Amino acid sequence: MAAQQKAQWMGVHIMAPRAEDVPLLNRAIEQTLAPLGVNVLILEVNYSFEYRSHPELRASTVLSKADIRDILATCRKHRIRLIPQFNCLGHQSWAKTTFPLLVKYPEFDETPQIPLDNPDIYCRSWCPLHPKVNDVVFALMDELIDAFEADAFHVGMDEVFLIASDQCPRCRGKNPADLFAKAVNDYHQHLAKKRRLTMLMWGDRLLDDSVMGYGKWEASQNGTAPAVEMIPKDIVICDWHYELRDEYPSVPFFQQKGFRVLPSSWRNVQAALALRDYARKNATEKMIGHLCTTWSSGSDIARALLDVPKASDSAKQAVQALKAVISQD
Ligand SMILES: [Zn+2]
């Protein structure tokens, strides 16, 4: 295998596994991801960590620092760069469940009038202008950086629909792009300038849908796109597109703006290959590789990778797509 010679990032994104499945995930890394040539593993942790600075923000199931060290040791043995992710600003709830930050600190909520079981919304957001929110969030980031011994950090920031809400006394009437850019710049200040890490984020809120034509999920219809001109160029943009299209205009767009780009695919094999091939045709020195998202937990994806029982169909499809993207060179 030529994995060690590849300068390009060959990344896989997974959600946190259950603690008891860490050995299974390690086996999947060792027996499947490493031999395939994967050299970047992004582990989206969010609240599933045994935080000590803010134990009140731990999810109901968590990974310990020792669990992370186990995964890290396996990754290092196989020269895989392990990158933590904490989803910032948006995605602070899912369906009827509001995540710990906005349950424990309701004053950080951008839409405090919406009941905590989230009727009629996609996901809650925290308020980027609350003067105390970054103190809490940066403490969590610092714990993850320490546990992962990280040199890069993914801040998420996709699909932020609730921003500049009339319900927020600080953000009401303000420009969504200014607010979004402020949040990006705050996290960059902490992660890149202070902690000297490479910062990654999803790209959708930086794309103007009226230009890109991707729709309201993969691009912005809510006024955040001008933020692309207001943020540092050393951020790695994970430009995710999961549908089959003839063209993916954001791939050259982000490179022309000066960002490093990691095109990001999911479980549709045809779409994943189309994105990969379009990105290759439109690659400059800013094109740094490819990221396969799975939108599955580390437990589920490990089962699918190892072909053991109880993997979900979605995880199996994601594994099929990532194998296609990586192996059909
Ligand atoms: Zn606000």
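The values are calculated or read from the model by the stated rules, or taken from the named source; none is laboratory data. What you see is a predicted model, and the numbers here were worked out from it, not measured in a lab. Neighbour counts are summed over all protein chains in view; Cβ atoms, including those assigned to glycine, are modelled from backbone coordinates with ideal geometry. Protein only, heavy atoms only, side chains kept; ligands, DNA and RNA dropped before computing areas. Shrake-Rupley method; radii C 1.70, N 1.55, O 1.52, S 1.80 Å.
A few notes on this one:
- Gyration tensor (alpha-carbon) shape descriptor, the chain, a/c threshold 1.5: oblate
- Rounded if a/c under 1.5, otherwise prolate or oblate - the range 183-270, Cα gyration tensor axes: prolate
- The spacing between the range 216-237 and the range 145-200, judged by their C-alpha centroids, is 11 Å.
- Based on Cα contacts under 8 Å between residues 6+ apart, the range 8-327 shows a relative contact order of 19 percent.
- Average accessible surface area per residue within the chain, 1.4 Å rolling probe, Å²: 41
- Arg245 sits with roughly 60 Å² accessible to a 1.4 Å probe, with DNA, RNA and ligands left out of the calculation.
- Once the Cα-Cα distance is subtracted from the 0.36 nm per residue extended length, the Asp151 to Lys174 segment shows a gain of 4.9 nm.
- Helix screen, the chain: DSSP H segments with Cα axial length of 20 Å or more and mean Kyte-Doolittle hydropathy at least -1.0 are 133-148, 313-327.
- Check: the chain dipole with +1 on Lys, Arg Cβ and -1 on Asp, Glu Cβ, in debye: 760
- Förster radius 51 Å - calculated FRET efficiency between Ala73 and Gln221, Cβ distance, rounded to 0.05: 0.70
- Accessible carbon and sulfur surface of the range 8-327 relative to its total accessible area, %, 1.4 Å: 49
- Between Lys323 and Asp117, full extension at 0.36 nm per residue minus the direct alpha carbon distance yields a gain of 70.4 nm.
- Multiplying the residue separation of Ser210 and Glu229 by 0.36 nm and subtracting their alpha-carbon distance yields 5.2 nm.
- Cα-projected label distance for Glu107 with Asp313, points at 7 Å along beta-carbon direction, nm: 4.8
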